[in-house]
1. Run the numbers on the stretch 69-187 and let me know its relative contact order in percent, using alpha-carbon pairs under 8 Å that are six or more apart.
2. Averaged over every viewing direction, what's the projected area of the C-alpha convex hull for the stretch 55-187? Give it in nm², one decimal, please.
Amino acid sequence: MKIKTIGRGMLILCFAFLLAAPLYAADRPSTGQPSGDTPQTGDEQLSKQDAEMVRGKVVKAGDGSYTIETSPGTQVTVRSDGSTKFENDYKGMEGDWIEAVVSPEMHIATLKKSTPAYSTEGHVLTVNKEFFVVKDSAGKEIRLNLAKDTAFQGNYKVGDRVKAEFTPEGRALSIKPAKPPVGPPGA
């Protein structure tokens, strides 16, 4: 008698599950049509998450491609397309100082005119009250003079990886922790 009751209970639970499943699925948002609240794919989320601010001087501009001097002697080439947002329709030209949010694939998400400033990323070689020395990925050592208005995010020691923005004269505007480099070690 007890086995029949358990069997009936299991049958009722299975039947209830089969009835409830289509109702649950009907309440889930559709992903067929794009909308503002449609979940993004993992690649889109990672791309936004990994986007970086690049500051520097435009060395070359044309055909949607920009070569930017991000620090003295270091250049990067980025590209724009129909999805790039140009602040105040400013497109940038050779000799201009710009700020751009750039994806890991070197695509410009947003671009705007900037005050003269470079950006660099690297390991701290020297820390003292007056300056930092940072070694960038190309092996170049950059001296960053500290000022009262230098924005710090954290405390740093030799070996830490930082991202810094600085004026052409070498005055540090901001220093913050940098994300670990992407790619295989030694690349």
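Where a number appears in this text, it was derived from the coordinates with a stated rule and is not lab data. These figures come from a predicted structure and were not determined experimentally.
1. 19
2. Here the figure is 8.5 nm², rounded to one decimal.
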